[in-house]
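> My structure is below; once you've seen it, I'll send some questions.
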Amino acid sequence: MPLLAKESYMKSVAIFFTGGTIAMRQGEDGAVRPALSLGELLAELPALPEQARLLPVEWATLPSSHMTPELMFRLAGDVRAMLARDDIAGAVILHGTDVMEETAFMLDLLLDSAKPVVITGSMRAYGEPGYDGLRNLASAIRACLSPLPAGLGVALLMTDKLFAAREVTKVHSMGIDAFGSPAAGPLGSCVAGGIQIFRMPVPHAPLGANALEARVELLSLVPGADGRLIAFCRENGVKGLVVEGLGAGNVPPGALEELGKTVNAGLPVVLTSRCIEGGVWPVYGYSGGANTLRDMGVILGGNLRAQKARILLMVALGMAADAGEPPCEIARKVFDNFPN
Ligand code: ASP
């Protein structure tokens with residue numbers, strides 16, 4: 001039997017660098033800014049297993065707040081193309097932590113490969129005592145090589161914990177343990193050089209969107225809110241609206257009239273809750289209660305956080321372009337079928 005050439009059994013992990021604190025350092029003025037290249041970071045990694053290789057992709061140098069939904073969508077396409085290669089075992093995405101959960105969720109919705117995809121970054125800047133970037137990066141590579149089980153979806157790995165893209169949220173703006181899945185807990189953790197998986201997330205079908213509708217706004221309907229911002233959105237080219245209500249999804253009655261006009265104009269409106277856990281439930285039938293909103297045609301966002309519901313609505317409306325069905329119908333189907 002012919003011996004296999006060494007290259008043919010090597011596993012490569014693609015490392016997409018998009019930016020974030022993981023490659024930033026503090027300047028003399030005390031402010032933290034982008035500073036390192038991906039090559040400089042990779043040069044500091046501990047040695048990889050013999051048959052593993054890294055394929056660096058300098059994709060962007062963007063802090064989270066410069067990331068856009070269109071860029072997230074483009075990243076999903078580039079990761080998909082990379083995962084289709086036989087020599088690629090998985091992909092690690094290095095990303096700013098502030099909107100890491102949105103990018104992770106977008107990738108989770110759009111990718112359909114069984115290969116692992118792990119998104120990570122750091123809370124502390126390079127050179128700071130306790131810099132977490134190299135450890136997170138090394139753990140993410142290890143998770144890809146383990147490999148993570150198919151069906152896990154896109155995983156977010158920070159501080160030795162693995163989270164499901166759909167469930168995870170940034171819970172601390174500065175602390176090292178900045179991510180959590182308040183309702184469900186982590187999927188697994190990094191222990192003694194290995195990865196332990198505790199549970200699998202509820203699966204969802206990948207969404208075949210060839211385009212994205214980025215004109216989706218998110219409004220938080222705080223006590224006393226009226227409908228002016230809703231009307232503004234409707235009259236200014238917004239194609240879908242996510243509203244964040246109170247508790248189980250109840251909104252101030254002053255917003256009702258404009259919400260109704262917006263739904264009647266054929267714009268999908270998705271209701272979410274500002275509560276971190278529990279989501280929306282059509283319990284209350286008083287003016288502005290979620291039960292009333294559902295009967296008006298507002299789509300219930302389940303237990304997705306508002307920022308994630310916005311991503312799902314953008315993808316759903318992107319699908320509507322090909323489907324030949326009214327955007328509202330597609331949006332409703334996508335939300336109704338999404339496991340929540
Ligand atoms: N502000 C940074 C960003 O999200 C934070 C980080 O990367 O941790 O780009």
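The values are calculated or read from the model by the stated rules, or taken from the named source; none is laboratory data. Remember, it's a predicted structure, so these values are computed and weren't measured experimentally. Reconstructed Cβ throughout: ideal geometry from the backbone, glycine too, with neighbour counts over all protein chains shown.
> Looking for whichever is of a type in the set (A, V, I, L, M) and over 15 Å from residue 310 (Cα atoms) here; the options are 183, 165, 214. Which one fits?
Only one candidate qualifies: 183.
> How many of the residues in the stretch 105-119 are within 24 Å of residue 193 (Cα to Cα), more than 12 Å from the ligand (Cβ to nearest atom) and surrounded by 22 or more Cβ atoms within 10 Å (Cβ to Cβ)?
Summing the residues that are within 24 Å of residue 193 (Cα to Cα), more than 12 Å from the ligand (Cβ to nearest atom) and surrounded by 22 or more Cβ atoms within 10 Å (Cβ to Cβ) in the stretch 105-119 gives 3.
> Something else: Looking only at residues in the stretch 81-97 that are within 12 Å of the ligand (Cβ to nearest atom) and in contact with a strand residue (DSSP E or B) (Cβ under 7 Å, 6 or more places away or on another chain), which one is nearest to residue 148 (Cα to Cα)?
Among residues in the stretch 81-97 that are within 12 Å of the ligand (Cβ to nearest atom) and in contact with a strand residue (DSSP E or B) (Cβ under 7 Å, 6 or more places away or on another chain), the one nearest to residue 148 (Cα to Cα) is 94.
> Check whether at least one residue in the stretch 202-213 is exposed (fewer than 14 other Cβ atoms within 10 Å of the Cβ) and out of contact with any helix residue (DSSP H, G or I) (no Cβ under 9 Å at 6 or more places or on another chain), and report yes or no.
Yes, some residue in the stretch 202-213 is exposed (fewer than 14 other Cβ atoms within 10 Å of the Cβ) and out of contact with any helix residue (DSSP H, G or I) (no Cβ under 9 Å at 6 or more places or on another chain).
> Just give me the residues in the stretch 255-274 being within 20 Å of the chain's Cα centre (by Cα) and either surrounded by 22 or more Cβ atoms within 10 Å (Cβ to Cβ) or part of a helix (DSSP H, G or I) (or both), in sequence order.
Hits for the stretch 255-274 are 270, 271, 272, 273.
> Additional query: With the requirement that a residue be in contact (Cβ under 8 Å) with a residue 12 or more places away in the chain and either farther than 18 Å from residue 120 by Cβ or of a type in the set (A, V, I, L, M) (or both), what does the stretch 26-40 give you?
Matches in the stretch 26-40: 26, 32, 35, 36, 38.
> Which of (1) within 16 Å of the ligand (Cβ to nearest atom); (2) among the charged types (D, E, K, R); (3) loosely packed, with under 12 Cβ neighbours inside 10 Å is the odd one out, the single condition residue 28 does not satisfy?
(1)
> For the stretch 275-291, give me the residue count where each residue is buried (at least 17 other Cβ atoms within 10 Å of the Cβ), touching a helix residue (DSSP H, G or I) at 6+ places or on another chain (Cβ under 9 Å) and aliphatic (A, V, I, L, M).
Looking only at that region, the number is 1.
> Something else: Do you know which of the residues in the stretch 125-152 that are without any contact (Cβ under 8 Å) to a residue 40 or more places away in the chain and under 26 Å from residue 28 (Cα atoms) is farthest from the ligand (Cβ to nearest atom)?
Taking the candidates together, the pick is 129.
> What do you reckon, is residue 81 within 30 Å of residue 177 (Cβ to Cβ) and among the hydrophobic types (A, V, I, L, M, F, W, C)?
It is false that residue 81 is within 30 Å of residue 177 (Cβ to Cβ) and among the hydrophobic types (A, V, I, L, M, F, W, C).
> Now, a different point. Please state which of the following conditions residue 122 fails to meet, knowing it meets all the rest: (1) more than 16 Å from the ligand (Cβ to nearest atom); (2) modelled with pLDDT of 95 or more; (3) polar (S, T, N, Q).
(1)
> Working carefully through the options 142, 124, find the one that is over 14 Å from residue 96 (Cβ atoms) and among the basic types (Lys, Arg).
That would be 142, the only listed residue that is over 14 Å from residue 96 (Cβ atoms) and among the basic types (Lys, Arg).
> While we're looking at this one, here's another question. With the requirement that a residue be in a helix (DSSP H, G or I) and without any contact (Cβ under 8 Å) to a residue 24 or more places away in the chain, what does the stretch 78-103 give you?
Correct list: 81 only.
> Another one. Which residue out of 184, 155, 164, 192 is surrounded by fewer than 22 Cβ atoms within 10 Å (Cβ to Cβ), away from the ligand (no atom under 16 Å from the Cβ) and closer than 29 Å to residue 301 by Cα?
184
> Step by step: first the residues of the stretch 58-69, then only those that are within 13 Å of the chain's Cα centre (by Cα) and assigned to a helix (DSSP H, G or I), then the one that is farthest from the ligand (Cβ to nearest atom). Which residue is that?
Ranking the qualifying residues of the stretch 58-69, first place goes to 69.
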